[in-house]
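Structure first, then comments.
The values are calculated or read from the model by the stated rules, or taken from the named source; none is laboratory data. Keep in mind the model is a prediction, meaning the values are calculated, not measured. Cβ coordinates were reconstructed from backbone atoms using ideal geometry, including for glycine residues, and neighbour counts include every protein chain displayed. Heads up: the accessible areas ignore ligands, DNA and RNA and are worked out on the full protein's heavy atoms, side chains in. Shrake-Rupley method; radii C 1.70, N 1.55, O 1.52, S 1.80 Å.
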Amino acid sequence: MFAALEPYIQFALKAMAREATYRFEVFTSIGSLAVRVYLLRVVWVALYAHNAAPDGVLLHQIITYSAVALLMGLILDIDQTSLLHDKLHDGSIVVDFMKPISVPLYLFADGTGEVLFHGALIVPSLAIALLIVHIDVPSAAVFGAFALSFLLGYLVGFCLNFTLNCIAFWTLEISAVQLMLTWVTDLLGGGIVPLLFFPAGFQQAIASLPFASMYSTPLLIYIGKITPDHYLQAMGLQVFWIAVLGVIATIIWRAGARRVVVQGG
Amino acid sequence: MPIIETRDLRKSFRSVVRGEGLGGAVGALFSRRYEEKVAVENVNFSVEAGEVVGYIGPNGAGKSTTIKMLTGILVPTSGTIEVAGLVPYEKRRQNARNIGVVFGQRSQLYWDLPLRESFELLRAIYRVPRDRFRENLAHFVEILDLERFMATPVRQLSLGERMRGDFAAALLHDPKIVYLDEPTIGLDVVAKEAIRAFIADINKRLGTTVILTTHDLADVERLCRRIILIDEGTVIYDGRLERLRDEYGTHRTLVVHLKDPQPDFALPGVDVEHGEPPMVMLRFDRRTTTAEALIRRVTERYAITDVAIVEPEMEDIVRRIYLEGYQKPPARATEA
């Protein structure tokens, strides 16, 4: 059993080691996070000076929301499957198909390693963020619900990224679509502004899209805007999106891999 | 029982037909016309365990397509393949354990990792027992002289160093067969020789079967007793290298240094090329005339200071076959 899994554990470990070699990027990502936390605090304080608690979201809640969203971004902003796109682009996917491994599992393991490394950066980032802003700490039960919802949101993001990178089987180039996805998840997913601030009808429409599963759902659980009696419904929607996107990703992967096998790399 | 066997192998690709220019490119987005391109057709060959076979042909002849089918990443359009008792595309992962692959133009090492860690990763991938791994690695480090850059990330290696690393990587799991796709491309003379010596060594010591595709015929002459020549997707010659030389290398060149320059030097029935005066080169068919007879005819008319006989180069033979096609056997001395 271990022998069968060992290559994938190694892939994950090597991915972590690889990320660690880009030391400069590590420092800049922590540094830019500190700057963004500070700027968002300035903006929200200024906005709230003239308008106390829009939609019942208090200043300390919105600052907590923003800071936690930025920390989550350390993980959610990573395209864990970009390796697939790179490999399709330079044709090196061929070499992976010549090895006795499952290629999608390899990609998953590599992405997991990458995410674990960047996830570890949350600790120093959080320490720095706490120097700049106050972050509310919810009860253990709420935090547990948040963590679970965050994991579900991560899986939604994984499926979205994987599907997107599979498109490179046909087009080789996906950076435009990718940029769009980043904007859409940030704006419509509630990564920058809580969806609560949008007009009611629009808010309901986008809240049911998969993007909201990534940021909005876990964050609203964290600041208490989704109450425990709505957890099941909120996380049910997340699970629904994982299932749907998982099926789509599998279909697209199969078609893409078949294309390599039939048409050549 | 051959280790590799292909029967009536055929692979064709469908590609989009595109009009010219921007209009054509935009048009192709909406309506697609496909055309079928045959990459290889009627490829039949079998290879015995322990052979070193040169698989050669001009660019686009179908060499890579064949190699990809042998590794199991391409499915043939029709025909059958068996490699070490397996159908590669049906048992891709199992087949992968039996083979090692080296691409001159593409590395299988992990770009960001030190060479040593790439090897460690390959040990896990191929599940090489640790003792065996240590033994093999120690051996490769020694004969490929890898020690100096084992801790260097692959992206910082020179091409020669990277290729040596790639060879070790392809052979760590003791594959029965290795496919080498232009393994000496871009290397300097010393590095080329080191790689050739390594290939000869593993073939001799471990009995590894080697399929070598290359454009450098010196590789072939040094390593392969047998070659398979492929052109426009079909095998046009399969046999010993010497036989090709015998059949095709029928022309030798007599290089004559004349005592005085002779701008209108001519000899009836002999193909003459003028070199740097006073040198002339006479091309002759060794089956219809001897060097001795030719020299006699020259000396009857001209005063000479020196002669030399030049054997045909493998390069020239193959170039002629690429240009003119292979006729089997050449009907007669075809005078240019």
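Observations
- Pairwise burial B:A, computed as accessible area of each alone minus the pair, summed, 1.4 Å, Å²: 2700
- Note: relative contact order over segment A:2-263, using C-alpha pairs below 8 Å and six or more positions apart, is 25 percent.
- Site pair B:Arg225 and B:Glu292 shows an inter-label distance of 3.3 nm when each label is modelled 7 Å from Cα along Cα→Cβ.
- In a fully extended conformation the segment linking A:Leu105 and A:Thr171 would gain 21.5 nm over its present Cα-Cα distance, using 0.36 nm per residue.
- Chymotrypsin sites (Phe, Trp or Tyr not before Pro) within segment A:1-57: DSSP coil, no more than 15 neighbouring Cβ in 10 Å: A:Tyr22
- Reduction of at least 30 Å² in accessible surface, 1.4 Å probe, comparing all protein chains with the chain by itself, residues of segment A:221-265: A:Val261, A:Val262, A:Gln263
- On Cα atoms only, tilt of A:175-188 relative to the major axis of chain A in degrees: 30
- Cβ-defined net charge surrounding B:Glu36, 12 Å radius [Lys, Arg +1; Asp, Glu -1]: +3
- Of all lysines in the structure, the ones whose alpha carbon falls short of 23 Å from that of A:Lys87, not counting any fewer than 8 places away in one chain, are A:Lys14, A:Lys99, B:Lys63, B:Lys68, B:Lys91.
- Charge sum, other residues only, whose C-beta stays under 12 Å from A:Ser175's C-beta, Lys/Arg counted +1 and Asp/Glu -1: -3
- Two-site label geometry, A:Leu5 and B:His257: point separation in nm, points 7 Å out along Cα→Cβ: 7.7
- Protection proxy ranking, peptides B:269-277, B:7-15, B:114-122, average beta carbon neighbours within 10 Å, highest first: B:114-122, B:7-15, B:269-277
- Using only side-chain charges placed at the Cβ, +1 for Lys and Arg and -1 for Asp and Glu, the dipole size of the protein assembly as shown relative to its Cα centre rounds to 1140 debye.
- Segment A:143-186 and segment B:98-119 have Cα centres spaced 30 Å apart.
- Summed over all non-identical Cα pairs, the Kirkwood treatment of segment A:2-263 gives a radius of 19.7 Å.
- A Förster radius of 60 Å combined with the Cβ-Cβ distance from A:Gln204 to B:Asp238 puts the calculated FRET efficiency at roughly 0.25.
- 0 to 90° range, to nearest 10: angle between helix A:140-166 axis and chain A longest Cα axis: 40
- Point-to-point label distance, B:Met1-B:Ser15, nm (Cα→Cβ direction, 7 Å offset): 4.0
- Structure-based [θ]222 nm, chain B - -39500 (n - 2.57) summed over DSSP H runs of at least 4, per residue, nearest 500: -11000 deg cm²/dmol
- Residues in segment B:73-105 that a label on B:Glu135 would reach, taking backbone N under 11 Å of a point 7 Å out along Cα→Cβ: none
- To put it simply, the accessible area of the protein assembly as shown at a 1.4 Å probe is 60 percent carbon and sulfur.
- Coarse-grained scattering of chain B at q = 0.13, 0.14, 0.16 Å⁻¹, given as base-10 log I(q)/I(0) from a Debye sum over alpha-carbon atoms: -1.03, -1.10, -1.27
- GNM flexibility winner over chain B from B:Leu244, B:Leu323, B:Leu171 (Cα, springs under 10 Å): B:Leu323
- For the peptides A:243-252, A:68-77, the ranking by packing is A:68-77, A:243-252, with the highest mean count of neighbouring Cβ atoms within 10 Å listed first.
- Dimensionless Rg over Rh [the protein assembly as shown; C-alpha; Kirkwood]: 1.13
- Gyration tensor verdict on segment B:20-131 (Cα atoms; rounded if a/c is under 1.5, prolate if a/b is larger than b/c, oblate otherwise): oblate
- Max mean-square fluctuation residue, GNM over chain B, Cα-Cα springs under 10 Å, options B:Glu35, B:Glu324, B:Glu48: B:Glu35
- Choice from A:Thr185, A:Thr64, A:Thr28 showing the highest fluctuation, given a GNM over chain A with Cα pairs closer than 10 Å: A:Thr28
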